[in-house]
Amino acid sequence: METFEKNDKRTHYCGTLSAANAGEHVCVLGWCQRQRDLGGLIFIDLRDRTGIVQLAFDENTDKVVFDKAFSARSEFVLCAKGVVRPRGEGAVNDQLATGQIEIAVEDLKVLSDAKTPPFPIVENSTTNSETRMLYRFLDLRRPDMQYNIMARSRISGIARQYFAENGFIDIETPTLIKPTPEGARDYLVPSRVHPGCFYALPQSPQLYKQMLMYAGFDRYFQIARCYRDEDLRADRQPEFTQIDLEMSFADEEDIIRLNEGFLKRVFQDFMQLPLETPFPRITYAEAMRRFGSDKPDTRFGMELCDLSHVVKDCGFSVFADCVKNGGSVRGINVPGGASMSRKEIDSLTEFVKTYGAKGLAWYKNASTPSSSFAKFLSEEETNSILHTIGAGAGDLVLIVAAKDKVVFDSLGALRCEIAKRLSMIEKGRYDFLWVTEFPLFEYDEEDGRYYSKHHPFTMPMEEDMEKLTSDPGAVRSRAYDIVLNGTELGGGSVRVHTVERQKQMFAALGISEKEAEEKFGFLLRALHYGIPPHLGLAFGLDRLVALLLGTEDIREVIAFPKVQNASEPMSGCPSAPDDAALEELSLQICTEMENI
């Protein structure tokens with residue numbers, strides 16, 4: 001290996017060279033993608049974050065330099081100096097941005113050698129994810145991963161510029177905070193100087209950004225790191241990043257218009273795609289009724305149809321009894337779905353069972369109809385179902401009968417699953433949607449109490465205030481989510497800004513005055529000192545980037561993500577602390593339940 005010296009500084013990135021640079025003396029640095037030895041001729045593909053350029057060594061090359069090229073192997077770090085020249089006749093590579101030129105190398109340094117990597121450093125790797133995560137530093141060298149991470153940087157930059165142009169102040173909030181009730185589990189951090197006490201890592205900057213509104217900063221913005229101790233899935237990580245904002249003296253129209261402008265800017269600058277605004281808006285109640293989801297994918301039809309009024313007195317007890325017991329019977333019509341086999345329908349039945357449904361009733365409206373329920377109904381009752389749901393020849397009707405939550409969850413997921421299986425989703429289409437008027441509370445059957453749908457600092461709809469104590473489940477909130485292609489990109493709400501209203505909220509959640517003072521005393525104190533009306537919103541940066549790049553897993557747009565069990569294989573975290581660290585923190589680990 002050789003020493004990197006002052007005169008070895010890069011003059012050009014590999015992927016930026018072109019025929020316009022012919023005749024120039026250049027210095028390029030990067031990794032050996034591959035070396036090709038053709039006897040008296042050697043070619044090296046040199047790679048950096050911008051692309052690949054070909055290095056050429058021939059009979060005119062100094063022997064020492066030629067020998068170094070001969071010894072170069074995959075992932076060696078090289079410094080090459082030479083003259084840019086056009087490639088020989090027949091040697092042009094139209095598949096490469098730099099394919100018209102090469103560098104006739106005059107000097108070559110091997111700055112670092114390398115073992116043979118455990119997988120090829122190429123795009124679209126087929127290497128299993130476990131190996132990729134273990135060698136993430138190598139995985140990140142792959143061109144598609146480098147593109148993803150640099151794309152994320154560009155989108156973050158667009159956000160910073162846009163919100164700065166609109167008067168937002170970039171302010172950092174703490175990452176060691178007071179543990180927060182109501183919501184996901186916190187990650188706790190022990191305090192050395194306060195034995196037995198713990199900080200929490202923030203699930204969001206919520207209360208601090210509200211405090212910034214109390215302080216008069218008017219418009220706050222932050223690319224914020226957040227942490228939630230939740231089970232992982234393709235669009236969720238234990239640590240994630242938000243594009244976070246809050247603004248005073250504004251209402252829902254202001255923040256919706258502002259953020260539609262942001263998304264227009266991102267799509268125009270990053271995707272070169274114009275967006276039509278304003279985006280459609282529907283209420284939470286309409287979203288659930290039509291799509292069975294509060295983040296509906298509107299790129300295809302198959303909307304839910306309520307059949308309860310049609311079957312409430314029918315001869316099929318599964319339907320009729322469900323309606324009598326307070327549930328509902330709803331279905332979707334799958335255009336052309338009658339061609340599905342019984343095996344495929346059975347797989348859909350198993351699919352809805354994962355969402356709590358006990359089964360899936362079906363009717364094939366084929367030339368020779370078949371059904372799982374028609375034999376229990378009169379011809380008139382069956383025809384009424386088909387007419388109500390709009391089933392035509394060749395269609396498939398799928399029905400779930402259960403409590404509303406189960407019906408919505410199962411059919412909402414089923415319509416998306418079928419759309420994927422039948423390739424009903426138009427590629428390159430982006431359907432934005434605002435969902436508004438979410439329930440303020442949701443009831444937890446196990447705990448026997450209400451919890452905040454968003455958080456306990458969300459303003460109720462004024463016309464629902466009288467229901468706050470009498471019928472909390474019917475209270476709507478001034479909350480709003482932005483949805484793209486069935487994925488929640490972000491959400492926010494108008495905040496409570498009076499102490500009286502905040503106390504009402506705590507009372508409705510069963511939080512006593514004493515508990516409220518212990519957990520939110522600083523908030524209640526602040527509300528006595530002239531608080532402006534304010535509201536906010538946060539985008540999930542990871543999800544936004546993943547959607548724009550067309551990847552289904554947000555790990556592909558995060559430099560060092562966690563895997564399914566919330567560990568990070570490359571570094572081996574989490575890991576057990578040593579005894580000295582535990583003693584310093586006044587902690588003891590109990591490994592068996594009886595010791596707890």
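We did not get these values from a lab; they are worked out from the coordinates using the rules stated. Since this is a predicted model, take the numbers as computed values, not measurements. Note that each Cβ is placed from the backbone with ideal geometry, even for glycine, and that neighbours are counted across all protein chains shown.
Taking every DSSP beta bridge with both residues inside the chain, roughly what % is antiparallel (nearest 5)?
The antiparallel fraction comes to roughly 95 percent.
Quick one: which residues, 5+ away or cross-chain, put their amide H under 5 Å from the amide H of residue 273? H built at 1.01 Å from N.
Distant-sequence amide H within range of residue 273: 268.
How much length is gained on full extension from residue 114 to residue 471, taking 0.36 nm per residue of separation minus their Cα-Cα distance?
Between residue 114 and residue 471, full extension yields an extra 121.8 nm.
Within the set 427/562; 209/519; 353/405; 324/364; 264/453; 178/467, which residue pairs have Cα atoms separated by over 22 Å?
427/562; 324/364; 264/453; 178/467, as the Cα separations exceed 22 Å there.
In the neighborhood of residue 481, defined by Cβ-to-Cβ distances under 11 Å, what is the net charge if each Lys or Arg adds +1 and each Asp or Glu adds -1?
Cβ neighbours under 11 Å give a net charge of 0.
List the lysines whose alpha-carbon lies under 25 Å from that of residue 109, not counting same-chain residues fewer than 8 positions away?
Qualifying lysines at Cα under 25 Å: 6, 9, 63, 68, 81.
Nearest 500 deg cm²/dmol is fine: what mean residue ellipticity at 222 nm does the chain get from its DSSP H runs of n ≥ 4 alone, each adding -39,500 (n - 2.57), divided by its residue count?
Computed ellipticity for the chain at 222 nm equals -8500 deg cm²/dmol.
With a cut-off of 8 Å between alpha carbons and a minimum separation of six or more residues, what is the relative contact order of the stretch 195-317 in percent?
Reported relative contact order: 15 percent.
Using mean Cβ contacts within 10 Å as the protection proxy, how do 381-389, 523-531, 203-211 order, highest first?
Taking the mean over residues of other Cβ atoms within 10 Å, the ranking is 203-211, 381-389, 523-531.
Which residues does a label at residue 223 reach in the stretch 244-263, if reach means a backbone N under 13 Å from a point 7 Å past the Cα toward the Cβ?
Within reach of a label on residue 223, which here means backbone N under 13 Å from a point 7 Å along Cα→Cβ, the stretch 244-263 contributes 244.
Please list 103-110, 328-335, 151-158 highest first by mean number of surrounding beta-carbon atoms within 10 Å per residue.
So the peptides 103-110, 328-335, 151-158, ranked by packing, come out 328-335, 103-110, 151-158.
If contacts are Cα pairs under 8 angstrom and at least 6 residues apart, what is the relative contact order of the stretch 1-151 in percent?
The value is 24 percent.
For the stretch 427-579, just the Cα set please: Rg and Dmax, both in angstrom.
Radius of gyration, then largest Cα-Cα span, for the stretch 427-579: 19.8, 58 Å.
What are the residues whose amide H is under 5 Å from the amide H of residue 27, where those residues sit 5 or more places off or on another chain and H is modelled from the backbone?
Placed amide hydrogens put 11, 12 under 5 Å from residue 27.
Quick one: grab the alpha carbon gyration tensor of the stretch 118-183, order the square roots of its eigenvalues as a ≥ b ≥ c, and give me rounded if a/c is under 1.5, else prolate or oblate depending on whether a/b is larger than b/c.
Verdict is oblate for the stretch 118-183.
Would you mind getting me the FRET efficiency between residue 71 and residue 6? Use the beta-carbon distance for r and R0 = 30 Å, nearest 0.05.
0.75
Pop the C-beta distance of residue 429 and residue 579 into the FRET formula with R0 = 60 Å and round what comes out to the nearest 0.05.
Efficiency at R0 = 60 Å is approximately 0.55.
Do me a favour and compute the ellipsoid semi-axes for the stretch 486-571 from its Cα gyration tensor, root of five times each eigenvalue, largest one first, whole Å.
38, 18, 12
When all alpha-carbon pairs of the chain are counted, what percent fall beyond 45 Å?
Value for the chain (Cα pairs over 45 Å): 36 percent.
Per q in 0.25, 0.26, 0.29 1/Å, what log10 I(q)/I(0) does a Debye calculation on the alpha-carbon atoms of the stretch 163-221 return?
Debye output, listed in q order: -0.99, -1.02, -1.14.
Dipole of the chain, Cα-centred, from +1 at each Lys and Arg C-beta and -1 at each Asp and Glu C-beta, to the nearest 20 debye?
The dipole of the chain has a size of about 820 debye.
How long is the gain from residue 24 to residue 324 if the chain were fully straight, where each residue apart is worth 0.36 nm and the alpha carbon distance is subtracted?
That pair, residue 24 and residue 324, stretches by 99.6 nm at full extension.
Which percent of Cα pairs goes in each bin when the distances of the stretch 339-459 are cut into 5 angstrom slices starting at zero?
2, 8, 15, 17, 17, 14, 10, 9, 6, 2, 1, 0
Quick check on the stretch 6-105: take the gyration tensor over C-alpha atoms, sort the square-rooted eigenvalues as a ≥ b ≥ c, and tell me if it's rounded (a/c under 1.5), prolate or oblate.
Rounded shape, in that the Cα axes give a/c under 1.5.
Stokes-Einstein D for the stretch 402-506 at 37 °C, 0.692 mPa s, Kirkwood Rh over Cα pairs, in µm²/s?
Answer from the Stokes-Einstein relation: 206 µm²/s.
What does the C-alpha gyration tensor say about the overall shape of the stretch 216-287? Classify as rounded when a/c is under 1.5, otherwise prolate if a/b is larger than b/c, or oblate.
Rounded shape, in that the Cα axes give a/c under 1.5.
If packing is taken as the mean number of other Cβ atoms within 10 Å per residue, what is the order of 468-475, 311-318, 123-130, highest first?
311-318, 468-475, 123-130
If all Cα-Cα distances of the stretch 323-384 are sorted into 5 Å bins from 0 onward, what percent lands in each bin, rounded to whole numbers?
Here the calculated profile for the stretch 323-384 is 4, 14, 24, 26, 20, 9, 3, 0.
Would you mind getting me the FRET efficiency between residue 13 and residue 231? Use the beta-carbon distance for r and R0 = 41 Å, nearest 0.05.
0.50
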